[in-house]
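Notes follow the structure.
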Amino acid sequence: MTISPKAFLFDLNGTMIDDMHFHTKAWYQILNEDLQAGLSWEEVKVQMYGKNIELLERVFGKGYFTDEKANELSVEKERRYQKAYFEHLKLIDGLDEFLEKAATNNIYMAIGSAAIMFNVDFVLDNLDIRRYFKAIVSADHVNTSKPDPETFLKGAELLGVRPEECIVFEDAPKGVEAAQNAGMPCVVLTTMHDKEEFERYNNILMFVKDYTDPQVQELFAVKV
């Protein structure tokens, strides 16, 4: 059955901006140069999902850091990321036109990200796109991060739409899994992960490199 989705839910990093290399680099520095974790680049990359504090717990174990220290490390990581990425900050190709078309078509939009608001604000305000989003769900707003569906279910609730009326935009397997757990179809941006890494998921509508792909125009009336 063909339906017109009522809402688009966007992950942020790697989905709206192509910045995951800079996040990985900042974490690599924090984990290895500051904390002597001894992780390879690929080992750091594997940990790049969920809340910052959850990442620290996966690497060092729960309770290794006090809450105060974990929060301090989290903010320091984001400061380093923002400093390095700022001069490169821009929307993924075609997204500006896509957001405008969605708004013109009265499709509600929300951010559903594992980033802290410090980073969400950095992107939305510096790119002047906050006006498009009726709701924001960040790491600061959920108890359990992706692949738990809480982020996307809360986004749908704030928009006043049913999960099945949403389309999620993601770049990471754990994010696609969160969308699947929420009962939502998903568009995958191949900014950091290859198609083969998503083989276990059955909620994927399409893979695109960016928003200039003609496929994304079909999302304003899609089969789900």
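Some notes on this structure:
- Filter result (closer than 17 Å to N119 by Cβ and either polar (S, T, N, Q) or touching an Asp or Glu at 6+ places or on another chain (Cβ under 8 Å) (or both)) within segment 132-147: S138, V142, S145, K146
- Taking first residues from segment 1-29 that are under 18 Å from Q217 (Cβ atoms) and surrounded by fewer than 20 Cβ atoms within 10 Å (Cβ to Cβ) and partners that are modelled with pLDDT of 95 or more and of a type in the set (A, V, I, L, M), the Cβ contacts under 6 Å between residues at least 6 apart in sequence or on separate chains come to K6/V161.
- Exactly one residue among A110, A102, A115 is assigned to a loop (DSSP other than H, G, I, E, B), under 21 Å from A156 (Cα atoms) and among the aliphatic types (A, V, I, L, M), and that residue is A115.
Rundown of residues vs (1) more than 22 Å from V123 (Cα to Cα); (2) in the same structural domain as V216 (by TED's automatic domain parsing), yes/no style:
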{"residue": "K6", "(1), (2)": "yes, yes"}
{"residue": "K51", "(1), (2)": "no, no"}
{"residue": "L56", "(1), (2)": "yes, no"}
{"residue": "V59", "(1), (2)": "yes, no"}
{"residue": "G63", "(1), (2)": "yes, no"}
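- Single unsatisfied condition, T104 versus (1) touching a residue at least 12 places away in the same chain (Cβ under 8 Å); (2) within 23 Å of A221 (Cβ to Cβ); (3) among the β-branched types (V, I, T): (1)
The values are calculated or read from the model by the stated rules, or taken from the named source; none is laboratory data. If you're wondering where the values come from, they're calculated on a predicted model, not measured in any experiment. In this analysis, Cβ positions are derived from the backbone assuming ideal geometry, glycine residues included, and neighbour counts consider all displayed protein chains.
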